[in-house]
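A.B. asks: Before I ask anything, let me first share the structure, which is written out below as structure tokens.
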Amino acid sequence: MPSLQVLAGPSLDKLEPISALVNANKPFEIHSDAFEGSIVVNIKGFAGDEDCEYFKRPERQGITWSIQVQGRFLKPYSANDVLFGNTFDRPLNLPWGSGAALKFMNYIDPTLEHDLTSSTKPWALSPLAATMPHFAHSRGEEAVFPPTRSISDDTTDLHQALTTPSPSSSSSSLDSTASTGSASSSKSRLSKLKPRSKKPRPDVSNLKTASQRRAFFSTEENRKAITFTPEDVITTDFCYGFLEFHPSLALRLPGGLSFDLMRYWDGQPVRFVCCERANGGGEPFGRILWCVCIEPEKEEEIQAAKAGPEEDSEDID
């Protein structure tokens with residue numbers, strides 16, 4: 001298997017190598033005009049490292065990779081308009097039986113939308129708040145990151161992100177009607193008008209577990225009722241055990257079904273992106289807010305790493 005490198009950044013054209021931070025429990029900072037935060041990446045067996053503390057935690061047994069992120073969006077986004085998933089630059093060489101893998105992915109994430117058979121740029125994306133295995137929300141200051149304990153669901157403050165329902169337009173209609181015409185005709189028209197009822201805000205007080213939170217955000221109406229602002233701190237851990245990077249790249253599904261992905265991977269970058277929902281223009285998604293990229297290490301970088309840092313030499317007369 002080729003050596004892998006990990007990059008991260010606020011966009012595809014501003015990625016920086018962070019391989020030295022993988023499994024080191026050290027964050028990489030992301031700054032843009034749309035998002036600011038920190039990313040921590042753990043990959044079991046990355047570069048031969050078998051001693052990562054994260055994978056020894058009882059609640060993370062069986063996990064093989066993790067992308068932890070904490071940050072805030074610097075402009076308001078509804079939970080429906082922030083997506084997370086994978087994007088690719090060119091068509092994928094999907095193995096026989098990949099349909100089973102897609103069914104498995106839809107099983108663990110019913111909100112997943114994708115076009116992995118695209119002849120141009122395949123993609124697979126879900127609403128971030130619905131797809132994350134572990135999601136915490138708070139108002140105010142960020143907590144210590146990465147935390148000493150594994151990230152778990154906490155939506156105690158989520159009610160503060162509920163969008164205030166717009167006032168019923170019926171009141172303005174009534175006022176307008178009452179201010180024109182005679183008193184008798186106004187009463188007649190008023191009697192025929194039925195005030196529009198305000199739609200109640202959804203109840204988020206009972207979202208105690210990840211499954212309850214994911215079920216809540218599985219509906220578009222509920223996602224649109226939540227707005228993330230610069231006051232909202234989002235902390236997530238996207239971690240699973242079905243994808244292995246060491247000793248070889250493999251996909252292992254329940255029931256004993258497995259794929260040796262090295263036979264099908266053409267070396268193109270595997271990107272995990274947080275992005276905006278598409279707003280037209282024919283693209284399946286909008287602006288990328290942050291990105292983690294895993295790709296084969298380039299040969300020249302491998303040779304440079306083996307050679308070590310260059311030393312300045314001085315000419316001796």
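The values are calculated or read from the model by the stated rules, or taken from the named source; none is laboratory data. Model, not experiment: these values are computed from the prediction. All Cβ positions, even for glycine, are placed from backbone atoms using ideal geometry, and neighbour counts span all protein chains on display.
A.B. asks: Conditions first: (1) more than 20 Å from the chain's Cα centre (by Cα); (2) buried (at least 17 other Cβ atoms within 10 Å of the Cβ); (3) not small (G, A, S). P254 passes all but one, so which condition is the exception?
C.D. replies: Result: P254 passes all but (2).
A.B. asks: State whether one or more residues within region 157-165 are in contact with a strand residue (DSSP E or B) (Cβ under 8 Å, 6 or more places away or on another chain), part of a strand (DSSP E or B) and either at pLDDT 90 or above or at negative phi (or both).
C.D. replies: yes
A.B. asks: When region 20-36 is examined, which residues are found to be free of Cβ contacts under 8 Å to residues at least 40 places away in the same chain and on the phi > 0 side of the Ramachandran plot?
C.D. replies: The one that is free of Cβ contacts under 8 Å to residues at least 40 places away in the same chain and on the phi > 0 side of the Ramachandran plot: N23.
A.B. asks: Let me ask something additional. Just one of the numbered conditions (1) of a type in the set (D, E, K, R); (2) modelled with pLDDT under 95; (3) over 20 Å from the mean Cα position of the chain (by Cα) is not true of E59; which one?
C.D. replies: (2)
A.B. asks: Does S138 satisfy being at pLDDT 95 or above, closer than 21 Å to A210 by Cα and outside any loop (DSSP other than H, G, I, E, B)?
C.D. replies: So S138 fits the description; yes.
A.B. asks: Kindly check whether there is at least one residue in region 288-305 that is exposed (fewer than 14 other Cβ atoms within 10 Å of the Cβ), modelled with pLDDT of 75 or more and more than 24 Å from the chain's Cα centre (by Cα).
C.D. replies: Yes, there is a match, as at least one residue in region 288-305 is exposed (fewer than 14 other Cβ atoms within 10 Å of the Cβ), modelled with pLDDT of 75 or more and more than 24 Å from the chain's Cα centre (by Cα).
A.B. asks: Regarding L243, is this residue within 30 Å of W96 (Cβ to Cβ) and of a type in the set (A, V, I, L, M)?
C.D. replies: Criteria met by L243.
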